[in-house]
Amino acid sequence: MDSPRQSKKPNLNREPKRSQNQSGTPPQKDAYARLLSQHRSAKFSMYLEQYAKESSLQRDGPGPSTVLKAQSDKLNIPQRKRDQLPNDFSDSSDFSPSSMKSKGEESSLSLYMEKLSSRNAQQDCERKMGVSDRQRRGQRRDTTTSQDGDIESGEELSSLKPNDSKKHQRQQKKNKDANRDVASKETDPVIGQCPLSPNKASTNRQEQEKTKKSKKKNPKHPEEEKGRDGMLISGVDAHMSRPKSPHGKDKLQQPRASSANSPADKSKNKGGRGSKKQVFEAYMTSEEVSHGLKRGELIQGQLRINPKKYHEAFIPSPDDTRDIFLDGIVARNRALNGDVVVVRVLPREQWKVVRSDTDCEGASESDTQKENMIQKAQNKTERPPRLEVAVEDRCSDQDELITRVQNVTLTHPGEPLEDPSTPQSNGEILQKTAKVVYIVEKKHSRAVTGFLKFLPDKPFAMFSPVDHRVPRINIPLTDCPEDFSSRPGDYTSTLFICRITNWAADSNFAEGQLAKTLGQAGEIEPETEGILTEYDVDFSEFPDEVLDCLPKNLPWTIPPEEMSKRKDLRRECIFTIDPATARDLDDALSCKQLPDGNFEVGVHIADVSYFVEEGNALDVIASQRATSVYLVQKVIPMLPRLLCEELCSLNPMADRLTFSVIWKITPEGKILSEWFGRSVIRSCVKLSYDHAQSMIEAPEKMFSAEELPPVDPKYPIDEIHQAVLNLHSIAKNLRAQRFSGGALRLDQLKLSFTLDKETMMPQGCYVYQYRDSNKLVEEFMLLANIATANHIYRRFPDLALLRRHPPPKTKMVDELQELCDQLGIDIDLSSAGALHRSINITLGNDEYSTARKEVLTHMCSRPMQMALYFCTGVLRDEQLFKHYALNVPLYTHFTSPIRRYPDIIVHRLLASSLNCGSRLGLSTEQVQKQASHCNDKKTVSKRVQELSSELFFGVFVKECGPLDSEAMVMGVLDQSFDVLVLRYGVQKRIYCKSVTGLDSFHHRKVGKKSELTLVWTPEDPERGPVEQVISIFTLVEVQLKADSAPMKYSAVLKRPDENGS
């Protein structure tokens, strides 16, 4: 659905401008009379009467125009009654453009409304501020909308909030021909500011009529289905969803740069259907962009599009405050999610008024709108709210936040605005809005999965992407399967991959080519391949030139000359601890007690850089892939399997090349000495986390050979067991020191699966347990990474590749603190350490304290930013190097070179610093470029992993569901709430309107605390209704059930017991 939020464009400081459009010629009797004679329904009459009333109220003259007055009188509605008419006429199902079209009356209505809409665009914006959110949703409810986002001229009916704008009419008539050319130029702001250009009513009338007739003949045409590409969801909301010019027709004379672009602008007018009107603004030249960036007039950043509300996009603000908001498809100007773009900030009067970021969890647009409405009386309708609520983007990464935004009107449009960074008395803050003027780098793959839809009498088919953030795509029929035109029904559930090849400025649609037929939607392998392709994950076989870089003489052995250059640790008790299914073993541990009571602890990492020579074909492809990608059922490796699983993997009882860090360390965890160097090891056993955990939990037990994997007979099992216990003891001390020193860890639930070995289908699933054996390995990996970071930075201050974690944004932390205070949660967000200490204070002593901690962790993770790779020569301020969560000044990745490319660069730097390797052949700029690429690929890898997990869980619910579980409420909006399903660790949203057995529901909000009261219809008619209060931490019962759509499932709220608990 089109976001209800789009209807709320703040139109600031507009009052003084109204006078520009308040005198002129009388309205056109022909169109009005024709309309009235054809539409005699009560609802339509009510609408016309409302139009007359509004006109009489808003114009300077003594009353409504003669024609409107006459027609109003004809309806026999007393003036007093007219003035009291509610503004909710558009909520009626028997009054909508779609219902009128079904009566064959669209032509005259289209003509009339076209004139009316073009005449009253700016006044419409001002009036709309007085229409309740629920009424706007009603306007959207019954319209037949086109998928492509085209606007049928008559469908702007319900969006009109009339004014008797006579001067504008006169100007329109006067400049009819002059505007004809202007309307086709995207560079002219009128396109971006006005719902329909004035010439639209006259020049394209015949085309529009033809278009509507052809649509009517083909009711199943995809363009008549529910809009989902974001171009247009409801024609009636066309101008409500645009930023409007406060300057009326004067906007015509403004330069291109100041024109507004938003979801419904030009894209909602007939682009791509006979009319070649410019939909998107032409990009600036690179020279203009360069000058604009230097002068500070333009801003560069990476575009993030909200996957749940795809009209909303953001780029980071250069001053690190609230993100900059891009409102709608046109504002994005053909940029896709992840692209690096240059934007121009729109004029201040077009900025958005937002509630606090954390408040988005507790309110939706209708809620915030109610508090800021000019005509508050219009909020008194008792009708239950619509289902569409403010949708916030979720991210499970503890250090990533996608800003939530809510658009509301100002308390008074004429009041001066305060500084954007200063909250107003009601907690509202201005958020900058912008539009894309240039795409620097197309980071989105331009490949998408989706479905083909046949369009009769068209030379192309319509491709509908599964990802709603991507536009619909025209595919030439010659590119479709041979029998697609004759048997389109056979392909209804076939999943395809399409690549966008072009997106013209004058079209709502992109153009593309089918890349591959994946198979049936809902099957794991086609869906998985679609995910990988869409996120540009290279899962192809390694080419011959890459394989030629690998050792040829197999089985491979370490050359004697290489052995002589390394420390020989093959006689030491060294072992690996990994997940049971792991094949790429890149780290091993050793722990030997010294005579003085201290320990010699070693971390030994696979020496991948020995096999991956800098600059060769293997290195190039590894740098491009940047990371291995872990799916539920398989791994897409960064390196060929010969290296990943054999030559580099620290497999047991095999000589392997390593990079080692060896410390002399006290039992308390104090480091006495440190050694780095290249080495050779021979692991004695491959332990799983379960094996190590068993050893930790049974320190006195004598393990037999049958209870463990194969062990090198040179090492007694008891010696290995004791080494694990010693490492665990030291790790506990190291961990305690870390957290007492101010470190933070935000653990979030992770779902794991058991798979059928033959079919690889999910047989079961469980929440992964993070135990002491995991913590043991983690502590020593962190220690090695910190030590390596300090070492390479000392030696290469301008070339070191490190990893930094910026602190959360102060404003958002403050808002979260306020929310927690109002919820009665005693939490200290002043630092990473303070947060860790307070979040780990038990939230009660009952069985649900862990669940409450999970919900609180989720809340606290939202303000966190992403950790990033960077080159030290690029950032001169060492304060920026700091890792917030770990609370250390320097950090890097050294311990996983088999699966992470940054670790390979770090290994090369380390080898160079130790004079056991050549100098890194990269400049500071090249290291930074590679670091940025690795950041992108890491983000993609994480997202693909999440999607794979969601895919398998969807299959599991379908095959094994329905699944019952307790759930805890994580966030409350005014018509829905989010829950954490405790048994499976998944998060789902429950919409009140879809809850079976619910009589009604009421939303209440005090400060930032949001609460829903659900009133259940009594099962026993003799008993009263059962009330259930929903707020954060409320425990509910849910049932997970498969949806009709492939791989999708819903959480169904179960009826509470008699006492409403």
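The values are calculated or read from the model by the stated rules, or taken from the named source; none is laboratory data. Source: prediction; values computed, not measured. Backbone-built Cβ (ideal geometry, glycine too); neighbour counts: all protein chains shown. Note: areas computed on protein heavy atoms with side chains; ligands, DNA, RNA excluded. Shrake-Rupley method; radii C 1.70, N 1.55, O 1.52, S 1.80 Å.
Some notes on this structure:
- Zero-based 10 Å bins, Cα pair distances in the range 307-354, whole percents: 22, 61, 17
- The range 465-559: translational diffusion in µm²/s, Stokes-Einstein, Kirkwood Rh over Cα pairs, 4 °C, 1.567 mPa s: 79 µm²/s
- For the peptides 733-742, 848-857, 553-562, the ranking by mean Cβ contacts within 10 Å, running from highest to lowest, is 848-857, 733-742, 553-562.
- When the alpha-carbon atoms of the range 546-696 are used, the pair Rg, Dmax equals 16.7, 50 angstrom.
- Ranking Leu725, Leu1035, Leu776 by solvent-accessible area of protein heavy atoms (1.4 Å probe, all protein chains present), from largest to smallest, gives Leu1035, Leu725, Leu776.
- Calculated on C-alpha atoms, the gyration radius of the range 741-827 divided by its Kirkwood radius gives an Rg/Rh of 1.13.
- The range 653-743: radius of gyration and largest Cα-Cα distance (Dmax), Å: 15.3, 43
- Per-residue accessible area (protein heavy atoms, 1.4 Å probe) orders His721, His444 as His444, His721, starting from the largest.
- Debye-sum result for the range 569-618 in log10 I(q)/I(0), which assumes one identical scatterer on each alpha carbon, at q = 0.19, 0.32 Å⁻¹: -0.78, -1.18
- Gyration tensor (alpha-carbon) shape descriptor, the range 755-901, a/c threshold 1.5: oblate
- For the listed peptides 509-518, 898-907, a ranking on the average number of other beta carbons within 10 Å per residue, highest first, reads 898-907, 509-518.
- Each residue, Arg794 and Ala580, gets one label point 7 Å from its Cα in the Cβ direction; the gap between the two is 4.3 nm.
- Two-decimal log10 I(q)/I(0) for the range 904-946, as the Debye equation yields it once each C-alpha is a single scatterer, q = 0.15, 0.21, 0.33 Å⁻¹: -0.49, -0.72, -1.04
- Order of exposure, largest accessible area first, which applies to Cys648, Cys960 with probe 1.4 Å: Cys960, Cys648
- Above-threshold pairs, the threshold being 26 Å between Cα atoms, out of Lys443/Lys1008; Lys882/Lys938; Lys442/Lys958; Lys309/Lys435: Lys443/Lys1008; Lys442/Lys958
- Using a probe of 1.4 Å, the accessible surface attributed to Glu349 totals some 40 Å² when neighbouring protein chains are kept in position.
- Packing-based ranking, highest mean first, of 470-476, 602-608 given that Cβ atoms within 10 Å are counted: 602-608, 470-476
- Computed from point charges on the beta carbon alone (+1 for Lys and Arg, -1 for Asp and Glu), the dipole magnitude for the range 944-1053 about its Cα centre is near 420 Debye.
- Computed over the range 869-957, the quotient of the alpha carbon radius of gyration and 2.2 N^0.38 Å is 1.38.
- Every Cα-Cα pair of the range 939-1059 was included, and the share exceeding 19 Å stands at 52 percent.
- With DNA, RNA and ligands ignored, accessible area of Glu1037 (1.4 Å probe; Å², nearest 10): 80 Å²
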